[in-house]
Amino acid sequence: MFTAIKGHVGEFLGAFSQFIFLDNSIYHVFNNVLLPRVNGDTTQIDHIIVSKYGIFVTEAKNMKGWIFGDEKQATWTQTLFKEKYTFQNPLRQNYLHIKTLSELLALEENKFHSVVMFWGTAELKTAMPDNVLTHSYTSYIKSKKVVLLSDSEVKTICDKLSTGKLKNSFANTQKHVDALKKRFESTDICPQCGAKLTLRTAKTGSHRGQQFLGCSRYPTCRYIKNL
């Protein structure tokens, strides 16, 4: 429950910043969006911002402590008061979000911008891509100035999102949570993109010879599950 509350705080801060600092005649904002996927599952997206400069898809985190991670790692680490906690790589989470939106809207993935925003007092202790932020959230969004969508395309996309999103009811939310739990416990389906997991053997490194489950869409999806 505490984790869920922290997540909602991050979403609220993002929504508030968007409302204050983004021109609503240019940036059309959708918060806490629950969408159906083609495989029957659902995905929840913290913020979707539609503009002529592309579609910004934001994964919001409200965290403290030091954050360690790499763009290609399946999980990142939070260090807080000598304790360490792992969490799913938010860039990978956003890959699934963008893939779902790309299918729903029939748009190429190059029309999307992935954004990860750490609210709170988290410090990034490893080098991260420039779309992983701890400040200047709306400034980053407004820095994108290449026009990717026409006015008519923006309107069509907003209409599709308005009609295609699921109602944020308790029943739909619970169904989404149950599906997430099932997906991450599965040894057959990749929780990152929904493709099939295959048994592989590490060929190099300290884990050479050990078997693991890897996504069949590698290298597009680099999810791995240790056995």
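The values are calculated or read from the model by the stated rules, or taken from the named source; none is laboratory data. Owing to the predicted nature of the structure, the values given are computational and were not obtained by experimental measurement. Heads up, the Cβs are rebuilt from the backbone with ideal geometry, glycines too, and the neighbour counts pull from every protein chain shown. Quick note on the areas: whole protein, heavy atoms, side chains included, nothing else; ligands and nucleic acids left out. Shrake-Rupley method; radii C 1.70, N 1.55, O 1.52, S 1.80 Å.
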Q. Which of the following residues is in contact with a Phe, Trp or Tyr (Cβ under 9 Å, 6 or more places away or on another chain) and of a type in the set (Lys, Arg): Lys72, Lys61, Lys52?
A. Lys61
**Q.** Filter result for Gln78 (at pLDDT 90 or above, in a strand (DSSP E or B), over 18 Å from Leu133 (Cα atoms) and open to solvent by less than 50 Å² (accessible area, probe 1.4 Å))
**A.** no
Q. Which is more than 11 Å from the chain's Cα centre (by Cα) and either farther than 25 Å from Lys160 by Cβ or open to solvent by 40 Å² or more (accessible area, probe 1.4 Å) (or both), of Tyr95, Tyr85?
A. Tyr85
Q | Residues of region 121-155 satisfying the condition of being polar (S, T, N, Q) and out of contact with any strand residue (DSSP E or B) (no Cβ under 7 Å at 6 or more places or on another chain) | A | Thr121, Ser136, Thr138, Ser139, Ser143, Ser150, Ser152
Q: Scan region 16-54 residue by residue and report those that are at pLDDT below 90, within 27 Å of Ala122 (Cβ to Cβ) and open to solvent by 30 Å² or more (accessible area, probe 1.4 Å).
A: Phe16, Phe19
Q. Yes or no: Ala127 of a type in the set (Gly, Ala, Ser) and open to solvent by less than 30 Å² (accessible area, probe 1.4 Å)?
A. no
Q. Out of all the residues in region 190-206, is one or more part of a helix (DSSP H, G or I), closer than 22 Å to Gln44 by Cα, at pLDDT below 75 and open to solvent by less than 90 Å² (accessible area, probe 1.4 Å)?
A. no
Q. Which residues, counting only those in region 103-122, are surrounded by 21 or more Cβ atoms within 10 Å (Cβ to Cβ) and part of a helix (DSSP H, G or I)?
A. none
Q: Please work out which one of (1) over 22 Å from Lys225 (Cβ atoms); (2) touching a strand residue (DSSP E or B) at 6+ places or on another chain (Cβ under 8 Å); (3) open to solvent by 40 Å² or more (accessible area, probe 1.4 Å); (4) at pLDDT below 95 is the condition Thr163 fails and give its number.
A: (2)
